[in-house]
Amino acid sequence: MKILISNDDGYLAPGLLALADVMSKIADVVVVAPERNRSGASNALTLDKPLTVSKASSNVYFVDGTPSDCVHIALTGLFDSRPDLIVSGINQGQNMGDDTLYSGTVAAATEGYLFGIPAIAFSQVKKGWEFIDDAARFALNMVQHKLGNFDEPYLLNVNIPNCHYADIKGVQITRLGRRHPSEPVIKSTDPHGNPIFWIGPSGIAKDGGEGTDFHAVAEGYASVTPLQIDLTHIHQLEKLKKVWG
Ligand code: MN
């Protein structure tokens, strides 16, 4: 088995190193990841400049681009063969509910899925690396034992609680929750007196009820959400057709 690994925290992030370490036990692993932290990059592709791929070691490459750039390059020109699976992460911090639209971790997996390759985005719920090896062990177990017989390409968003492996209560298969709108931007001034703005923190859970990713991790479970790409609002499709007659 060949596994391509990427992330959005950058190729030196402990979450990526832990993921590459465990996956190398069961597969040929190659890492193609951003040279620096690109969290929040979403599905952006760099179209206004050429990209450079640098080799950090025999199977680790870093790119001066986004997570989507990394996977795109890996799948369309850098290598001769396609991976059997793409794993992204393990991100430092949760990617749940509406976060998934902004997440570079999810985007790296999505890019692979768009090319028809099964893909999983892994995130750890809270920041900090204390339990990253436990999260990596969970990821390995999932890839090794749970997905072998899944009979169609999948895009899975996985959020893992920060705790010892043995303390993860289990897995809940979930839908995405919803968040309230983000906090307002934080306005300040630069040393020259010009106004500057920091994007504020994401909103708190609005729909965090039973069955959601928010609820699962709050209860101590790992959350696994199957994602799809089609954004079509089917209900409004019919409604709009009527508006136009
Ligand atoms: Mn990140």
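The values are calculated or read from the model by the stated rules, or taken from the named source; none is laboratory data. Please read all numbers here as calculations on a predicted model, not as lab measurements. A quick note on method: Cβ atoms are made from the backbone with ideal geometry, for glycine too, and the neighbour counts reach across all protein chains shown. Keep in mind that these areas ignore ligands, DNA and RNA; they rest on the heavy atoms of the full protein, side chains included. Shrake-Rupley method; radii C 1.70, N 1.55, O 1.52, S 1.80 Å.
Points to keep in mind about this one:
- DSSP assigns beta bridges within the chain; of those with both partners inside it, close to 35 percent run antiparallel.
- In region 47-95, the ratio of gyration radius to Kirkwood radius, Rg to Rh, stands at 0.98 when only Cα atoms are counted.
- A straight line joining the Cα centroids of region 188-217 and region 218-244 runs 22 Å.
- Ranked by solvent-accessible area (1.4 Å probe, protein heavy atoms only, all chains present), the residues W129, W244 order from largest to smallest as W244, W129.
- Most mobile of N43, N194, N141 in a GNM of the chain (Cα contacts under 10 Å): N194
- Each principal axis of the Cα cloud of region 16-66 was evaluated for its coordinate range; sorted largest first, these ranges are 38, 22, 15 Å.
- Antiparallel bridges, percent of DSSP beta bridges restricted to region 14-68 (to nearest 5): 50 percent
- In nm, spacing of pseudo-spin labels at H145 and W129 (7 Å Cα→C-beta vector): 2.7 nm
- Alpha carbon centroid spacing (whole Å) that separates region 82-113 from region 1-43: 10 Å
- Measuring with a 1.4 angstrom probe and ignoring ligands and nucleic acids, Y113 comes out at about 60 Å² accessible.
- Computed FRET value (nearest 0.05) for T46 with W244, which takes r as the C-beta separation and R₀ as 35 Å: 0.40
- The helix-only estimate of mean residue ellipticity at 222 nm for the chain, built from DSSP H runs of length n ≥ 4 each weighted as -39500 (n - 2.57), is -7000 deg cm²/dmol after division by the residue total.
- Solvent-accessible area per residue, Å², over region 121-208 with all protein chains present [probe radius 1.4 Å]: 65 Å²
- Tensor-based shape of region 175-245 (alpha-carbon gyration tensor, a/c under 1.5 rounded, otherwise prolate or oblate): oblate
- For the chain, a Gaussian network of Cα nodes joined below 10 Å ranks G89, G209, G193 by mean-square fluctuation, and the top entry is G193.
- Measuring nothing but how far apart in sequence close Cα pairs (under 8 Å, 6+ apart) lie, relative to its length, the chain scores a relative contact order of 17 percent.
- Between R179 and D98, K206, D207, the built amide H atoms are under 5 Å apart, and every one of these is 5 or more places off in sequence or on another chain.
- Extent along the principal axes, Cα only, for region 47-163: 41, 34, 32 Å, with the longest axis given first.
- Of the residues L75, S202, I168, the one whose Cα sits farthest toward the positive end of the charge dipole of the chain, with +1 on the Cβ of Lys and Arg and -1 on the Cβ of Asp and Glu, is S202.
- Under 5 Å between amide hydrogens, built in the peptide plane, is the criterion, and for T46 it picks out T66, D69 among residues at least 5 positions away or on other chains.
- Measure of compaction for region 103-225 (Cα Rg per 2.2 N^0.38 Å): 1.28
- The value of relative contact order for region 92-160, using C-alpha pairs under 8 Å at least six residues apart, is 45 percent.
- A probe of 1.4 angstrom, applied to the heavy atoms of all protein chains, finds L78 with accessible area near 60 square angstrom.
- Stokes-Einstein D (µm²/s) once Rh is taken as the Kirkwood radius of region 16-103 over alpha-carbon pairs, at 10 °C in 1.306 mPa s: 114 µm²/s
- One decimal place: the segment H192-S24 gains 55.4 nm when fully extended, by the rule 0.36 nm per residue minus the C-alpha distance.
- Cα-based radius of gyration for the chain, normalised by 2.2 N^0.38 Å, reads 1.05.
- When you restrict to C-alpha pairs under 8 Å that are six or more residues apart and normalise by the size of region 118-245, the relative contact order lands at 28 percent.
- Shown is the FRET efficiency for R175 and L237, computed with R0 = 25 Å from the Cβ-Cβ distance and rounded to the nearest 0.05: 0.75.
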